[in-house]
Amino acid sequence: MGEFTVQLKQERAVQTRETLLRAAAEVFDESGYAGAGITKIVKRAGLTAGALYFHFGSKEGLAKAVMNAQREAIEPLLESRGLQHLVDITLVWSHQLVEDPVLRAGVELSYDQEIAKDAEPFEDWRELMAGYLREAKELGELRDGADPELIARFVVGACTGTQIYSRLVSGRRDLPQRVQEMWDCLVPGIATPECAARIDAGAERGRRLCEGGIAS
């Protein structure tokens with residue numbers, strides 16, 4: 001009976017944390033960091049300020065948790081390897097950014113220098129991408145001389161610029177197409193001809209990945 005009670009409490013704690021995270025993301029997305037008061041967040045969540053402070057410590061801690069949730073919104077959907085996996089990350093990201101307030105708020109908070117000190121979110125993405133590029137190199141997918149670290153930095157910058165451009169031009173509605181165009185330009189320069197021929201950077205693949213329709 002004791003173990004069941006502990007498990008139940010743990011499950012409730014996880015649910016409370018997720019509810020707060022989702023509510024905060026929605027409010028950050030709507031009002032920005034400065035306009036997202038704690039009262040507004042806990043009212044949206046249907047919880048107390050005490051619960052927020054218990055799980056996240058402060059509004060800043062909550063904002064950082066929203067930023068760090070970006071990867072969790074994407075990676076579980078992917079099973080591919082190497083360069084295709086890197087492409088898939090950006091394809092899913094481009095679709096989810098339109099639909100998911102947690103991901104959208106995380107991206108916007110990443111631009112706030114008060115919260116995202118030392119460009120930490122961008123460095124996290126760079127290291128994640130560099131890892132799959134190193135795997136691509138080991139698989140023989142990259143051209144001779146292609147530097148995974150350099151390419152990763154470029155892709156983070158290219159995705160950032162593409163996202164901002166799409167947000168201003170179309171409210172991000174065309175982001176999947178813009179990301180496809182980015183890879184159409186980049187893949188031939190970094191991948192071997194054999195690898196480039198099989199890489200699928202299509203916006204439609206991103207949609208199917210989000211729906212769980214591609215296994216590899």
Relative contact order of region 1-111 (C-alpha contacts under 8 Å, at least 6 apart) in percent is 31
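Would you calculate, for the chain, the mean residue ellipticity at 222 nm contributed by helices, counting each DSSP H stretch of 4 or more residues as -39,500 (n - 2.57) and dividing by all residues, to the nearest 500? Intermediate results must be reported in sequence, preceding the final value.
Values: 11 runs with 160 residues, N = 216.
Counting only the DSSP helices, I get -24000 deg cm²/dmol.
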Zone reached by a paramagnetic label modelled 7 Å from GLU123 Cα along Cα→Cβ, restricted to region 132-156 with backbone N below 15 Å, covers 153
Between ALA191 and residues 5 or more places away or on another chain, the pairs with built amide H atoms under 5 Å apart involve ARG143
Here the longest stretch of the chain that holds no GluC sites (Glu not before Pro) in a DSSP loop having at most 10 other beta carbon atoms within 10 Å is 1-113
Rounded to whole angstrom, the alpha-carbon centroid of region 15-73 lies from that of region 132-186 at a distance of 30
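Give, in nm to one decimal, the length gained when the segment between GLU60 and ALA197 is fully stretched (0.36 nm per residue of separation minus the Cα-Cα distance).
Values: separation 137, 0.36 × 137 = 49.32 nm, distance 4.49 nm.
Here the answer is 44.8 nm.
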Distance in nm between ARG12 and ASP112 label points, each 7 Å along Cα→Cβ, equals 3.0
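Tell me the carbon and sulfur percent of the accessible area for the chain, rounded to whole percent, probe radius 1.4 Å. Intermediate results must be reported in sequence, preceding the final value.
Numbers: 5750 of 11150 Å².
Summing carbon and sulfur atoms, their accessible area is 52 percent of the total for the chain.
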Karplus-derived 3J(HN,Hα) from phi for region 156-162 (6.51 cos²θ - 1.76 cosθ + 1.60, θ = phi - 60°), whole Hz, x at Gly and Pro, runs 4, x, 5, 5, 4, x, 5
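Would you work out the charge dipole size for the chain about its Cα centre, treating the Cβ of every Lys and Arg as +1 and the Cβ of every Asp and Glu as -1, and quote it to the nearest 20 debye? Show your work: numbers first, answer last.
On the way: 26 positive and 34 negative charges, 143 e Å.
About 680 debye.
If you roll a 1.4 Å probe over the heavy atoms of the protein chains, what accessible area per residue do you get for the chain, in Å²? Don't skip to the answer; put the middle values down first.
On the way: 11150 Å² over 216 residues.
Per residue, the chain has 52 Å² of solvent-accessible surface.
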Charge dipole of the chain built from unit charges on the beta carbon (Lys, Arg +1; Asp, Glu -1), centred at mean Cα; most positive-end Cα among LEU128, VAL92, MET182 is VAL92
As straight-line cross-link partners of LYS40, the qualifying aspartates and glutamates (C-alpha separation under 17 Å, not fewer than 8 residues apart within one chain) are GLU18, GLU26, ASP29, GLU30, GLU60
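The values are calculated or read from the model by the stated rules, or taken from the named source; none is laboratory data. Bear in mind the structure is a predicted one, so any value in this text is a computation, not a measurement. Glycine gets a Cβ as well: all are built from the backbone with ideal geometry, and neighbour counts include every protein chain shown. The protein model used for the area step is the full one, side chains on, heavy atoms only, and it has no ligands, DNA or RNA in it. Shrake-Rupley method; radii C 1.70, N 1.55, O 1.52, S 1.80 Å.
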